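Coordinate-derived values only; no laboratory data. Since the structure is predicted, the reported quantities are computational estimates derived from the model, not experimental observations. Cβ placement follows ideal geometry from the backbone for every residue including glycine, while neighbour counts extend to all protein chains displayed.
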Amino acid sequence: MVGLVVDGTKTIAASSLTVTPLGQAWFSFDPGSLTAFQGFVASHVEAYVGPWVWSPVVEFLLTLPIWFVLGGLGAFLLLVGRRRRYRSIAA
């Protein structure tokens, strides 16, 4: 939600559509953790899956707008954490 507000404010101020990519926001917030995450992917994930993980997959995710990524994560968590309604089999 914060990412959407920030992008909306920037869009209104610039009078043109402005979006903040996840990678840019992460780098401006904490560049050391982004570098550490890249090292983690290179040493732990790519060692088991393959070297193709960082370049096409993670770089693509880092270019998506921050509101889209965090909104998708929030929607996923809402879906997973919702209470399930149980229907009675015996009517």
Projected onto the charge dipole of the chain (unit charges on the beta-carbon of Lys, Arg, Asp and Glu, signs +1, +1, -1, -1), the Cα from L17, S88, S43 with the largest positive-side position is that of S88
With Rh as the Kirkwood radius over Cα pairs, segment 17-80 has Rg/Rh of 1.02
Two pseudo-spin positions, 7 Å from Cα along C-beta at A14 and at V41, lie apart in nanometres by 2.3
When S88, S43 are ranked with the fewest other C-beta atoms within 10 Å first, the list becomes S88, S43
Helix-only [θ] at 222 nm, the chain, -39500 (n - 2.57) per DSSP H run of 4+, per residue, nearest 500, equals -17000 deg cm²/dmol
The answer for trypsin sites (Lys or Arg not before Pro) in the chain that fall in a DSSP coil and have at most 10 neighbouring Cβ atoms within 10 Å is R82, R83, R84, R85, R87
Net charge (Lys, Arg +1; Asp, Glu -1) of residues whose beta-carbon lies under 11 Å from that of L17, L17 excluded, is 0
By Cβ neighbour count within 10 Å, fewest first, V2, V41 rank V2, V41
Longest the chain segment clear of chymotrypsin sites (Phe, Trp or Tyr not before Pro) sitting in DSSP loops (not H, G, I, E or B) with at most 13 other Cβ atoms within 10 Å runs 1-51
